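Report on the following structure.
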Amino acid sequence: MLRSITLKTVFEKRWSMFAWFAGLFLTTVVIMLLFPTLRDTLGKALNEVPESMKGILGNAQTYQRVNGFIDIQVLAQMVFMTIVYGIILFTGVIAGDENEGTLQTLLANPVSRTKVYFEKLAGASILLFIVNSSIFFGTWIGALIVSESVDLVKLATACFMLFVVTFVFSAIGFCIGSVTGKRGLAGALAGTLAFVSYLITNLVPSVKILRSVNRFSPYEYFNKPSILDNGVEFKDFLILVSISLLFVVLGYVVFTKRDLSHK
């Protein structure tokens, strides 16, 4: 029997982790296999794309380089999938267990809410990191198959930042779930915030009025400028970590004091 709540969390979620890892890995490999074709066809067609759409689709020059292709088609697109997994996972370990009544059973044992909160957070973080690593391996293997060279250190850094920005929205869902005890509400709010943030960041080039609002979008601090070309901006990393810590602490303060719902 697993005595550690962290290990128990990882063990209980292991099959969904394997499924998500395999799915994201294979999807990333397939995307990379499209690079030679898109470089020769879609890249030229994008010369006619309006400027307002180039923030999302990229431009012709983007598709001529494997780094640009990875930025637009892998990092910018697959982050949606990692965030979906992260929100589902993080809203489930506290709010989900509370809705099912298993959290109350756990807390009936001689274990503190602090231990439960942070060990479940640690377990979910381990699972999220493993699933996020599928993007690195999928990109690397895909690049090898199409005979392209990728700087593995910068790729690992970019994928780590993918994990960090995914953790931000996952932590928001974790916080809301811990504060309210409602998994559905936590998932809906965190997911909506992720979508709106992404939309704002990508519309900024054509909608200037959104520039001030965009400062509050976590996406603004992810892969801007391209990590594969320029490396990571440490201040962006600190901003994302600070946002995550803020929500983790807020969730902890409320969770340790509120009454839990009884099923």
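Details
- Calculated Cα extents along the principal axes in Å (choose from (1) 51, 49, 41; (2) 52, 40, 34; (3) 63, 43, 30), label: (3)
- Converting phi to 3J(HN,Hα) with the Karplus coefficients 6.51, -1.76 and 1.60 and the offset θ = phi - 60°, region 62-70 yields 4, 7, 8, 10, 5, 5, x, 4, 4 Hz in sequence order, with x at every glycine or proline.
- The residues THR256, THR28, when put in order of fewest to most other Cβ atoms within 10 Å, stand as THR256, THR28.
- Of the residues ILE130, ILE209, ILE70, the one that moves most in a GNM of the chain with alpha-carbon contacts below 10 Å is ILE209.
- Relative contact order for region 5-255, counting Cα pairs under 8 Å that sit 6 or more residues apart, in percent: 27 percent
- Partners of LYS115 within straight-line reach, counting aspartates and glutamates whose Cα lies under 19 Å from its Cα and excluding those fewer than 8 residues away in the same chain: GLU12, ASP97, GLU98, ASP259.
- For region 80-141 versus region 219-240, the spacing of their alpha-carbon centroids is 25 Å.
- Comparing ASN202, ASN230, ASN67 in a Gaussian network model of the chain (Cα springs below 10 Å), the most mobile by mean-square fluctuation is ASN230.
- Comparing THR41, THR91, THR157 in a Gaussian network model of the chain where C-alpha atoms under 10 Å apart are linked, the largest mean-square fluctuation is found at THR41.
- Each Lys and Arg Cβ is given +1 and each Asp and Glu Cβ -1; about its Cα centre, the chain then shows a dipole of about 640 debye.
- Whichever aspartates and glutamates have a C-alpha closer than 14 Å to that of LYS154, once near sequence neighbours (fewer than 8 apart) are set aside: ASP71, ASP229, GLU233
Here, each number is a calculation from the coordinates, and none is a lab measurement. These figures come from a predicted structure and were not determined experimentally. Cβ sites come from the backbone with ideal geometry, for glycine too, and all protein chains shown count toward neighbours.
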